[in-house]
Amino acid sequence: MDDPPTTGHDDADLVDVVGLVTRVDLPGMFERWWVVLGPGAEQPTEAADWGGSLVVVERGRLEVDCEAGGRRTFRADDLLVLGWLPLRAVRNPGHVPTRLVAVRRRRDRPASRLLDVIESIRRQRAALELLRAPGRR
């Protein structure tokens, strides 16, 4: 049986990005906001509302409706880039509140800074792995 195709990224890369979005001490170059949808609630939206943002489903489930009629449901810890989709609405299909957290660079900051922060997180993780290596104390 063939191996599944890879994206060139491992799960640790995804954890780094989710960690960036949800970290308590968010660097000042980013802005963050939360959206809470009550059970069964629907909110009309469009891609421009989410432009340049990374969105994490912190809790609950999120159903995304697109203009062409497509629909997909996401769960807690899923990472989304809603600004790339032709959105019509987002909905909470569950019985508990859905909480989203979104982060994007501040409008007055260059986009390349996001890549700098992600690279810094990767370097810190690599340094920690070296410290945890067998024989190191």
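Things to note:
- When the residues of the stretch 75-91 are filtered to those that are touching a residue at least 24 places away in the same chain (Cβ under 8 Å) and small (Gly, Ala, Ser), the one that is surrounded by the fewest Cβ atoms within 10 Å (Cβ to Cβ) is Ala89.
- Screening the stretch 40-59 for residues that are of a type in the set (A, V, I, L, M, F, W, C) and not in a helix (DSSP H, G or I) and picking the one that is modelled with the highest pLDDT gives Ala41.
- Qualifying positions in the stretch 60-74 - under 14 Å from Leu37 (Cα atoms) and either modelled with pLDDT under 95 or buried (at least 18 other Cβ atoms within 10 Å of the Cβ) (or both): Gly60, Arg61, Leu62, Val64, Phe74
- Enumeration of residues in the stretch 29-39 that are assigned to a loop (DSSP other than H, G, I, E, B) and either modelled with pLDDT of 90 or more or out of contact with any Lys or Arg (no Cβ under 7 Å at 6 or more places or on another chain) (or both): Gly38, Pro39
- For Glu63, the criteria (1) closer than 18 Å to Pro97 by Cβ; (2) in a helix (DSSP H, G or I) hold in every case but one, which is (2).
- Residue in the stretch 101-112 that is farther than 15 Å from Glu31 by Cβ, crowded, with 16+ Cβ neighbours inside 10 Å and of a type in the set (Val, Ile, Thr) present: no
The values are calculated or read from the model by the stated rules, or taken from the named source; none is laboratory data. Quick caveat: nothing in here was measured; it's all calculated off a predicted structure. Glycine also receives a Cβ, built like all others from the backbone with ideal geometry; neighbour counts cover every protein chain displayed.
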